[in-house]
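Visitor: Sharing a structure with you now.
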Amino acid sequence: MTQLTGKKAIVTGGAMGIGFATCKRLVREGCEVTIWDLSLDEMGNAEKVLKEMGGKVFTYHCDVSDRERVLELFEKAVEDLFPVCKGSR
């Protein structure tokens, strides 16, 4: 059992650099992760690595300066991370 088992996280800029390192740490600790990033190629690489580590990972192409896109993806992330809540609203 790890410290973050059952926890969920959204990591913006999570496909590379500090964001990716954060995702790796979260996955190692048992957290489910959503990565929001602009780079599709890097996101694909990050997703592959994190899944190979045993992580449950969702990726979303996102420019966080786009308010409407952020709101849209937040709804999507909630549905993906909390599937039992789908359609409950």
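Here, each number is a calculation from the coordinates, and none is a lab measurement. A quick note: this is a predicted structure, and the numbers were derived from the prediction, not measured. We place every Cβ from the backbone using ideal geometry, glycine too, and count neighbours over all the protein chains shown.
Visitor: Taking the Cα-to-Cβ direction at Glu68 and at Gln3 and moving 7 Å from each Cα, how far apart do the two end points lie in nm?
Guide: 4.1
Visitor: Sum -39500 (n - 2.57) across every DSSP H segment of at least 4 residues in the chain, then divide by the residue count to get the 222 nm mean residue ellipticity, nearest 500.
Guide: -14500 deg cm²/dmol
Visitor: Still on this model: I need Cys23, Cys31, Cys62 ordered by Cβ neighbour count within 10 Å, fewest first.
Guide: On the way: Cys23 27, Cys31 20, Cys62 23.
If I rank by nearby Cβ atoms, fewest first, I get Cys31, Cys62, Cys23.
Visitor: Over the chain, what is the relative contact order in percent, taking alpha-carbon pairs closer than 8 angstrom and at least six residues apart?
Guide: Worked out over the chain, it gives 25 percent.
Visitor: Starting from the Cα of Glu52, move 7 Å in the Cα-to-Cβ direction to define the label point; list residues of the stretch 1-36 whose amide nitrogen is under 19 Å from there.
Guide: Answer for this model: 14-30, 33, 35.
Visitor: Oh, and also: Find how much the distance from His61 to Arg28 grows on full extension, using 0.36 nm per residue of separation minus their present alpha carbon separation; answer in nm with one decimal.
Guide: Numbers: separation 33, 0.36 × 33 = 11.88 nm, distance 2.33 nm.
Full-extension gain reported as 9.6 nm.
Visitor: Next up: Taking each pair of distinct Cα atoms in the stretch 20-63 once, what is the resulting Kirkwood hydrodynamic radius in Å? Spell out each step's value before the answer.
Guide: Values: mean 1/r = 0.0985 Å⁻¹.
This gives a value of 10.2 Å.
Visitor: Now, a different point. I need Ser65, Ser39 ordered by Cβ neighbour count within 10 Å, fewest first.
Guide: In order of increasing Cβ crowding within 10 Å: Ser65, Ser39.
Visitor: Can you pull a Stokes-Einstein diffusion coefficient for the chain at 4 °C (1.567 mPa s), Rh from Kirkwood over Cα pairs, as a whole number of µm²/s? Write down the numbers at each step before the final one.
Guide: Working: Rh = 13.1 Å.
Estimated via Stokes-Einstein, D reaches 99 µm²/s.
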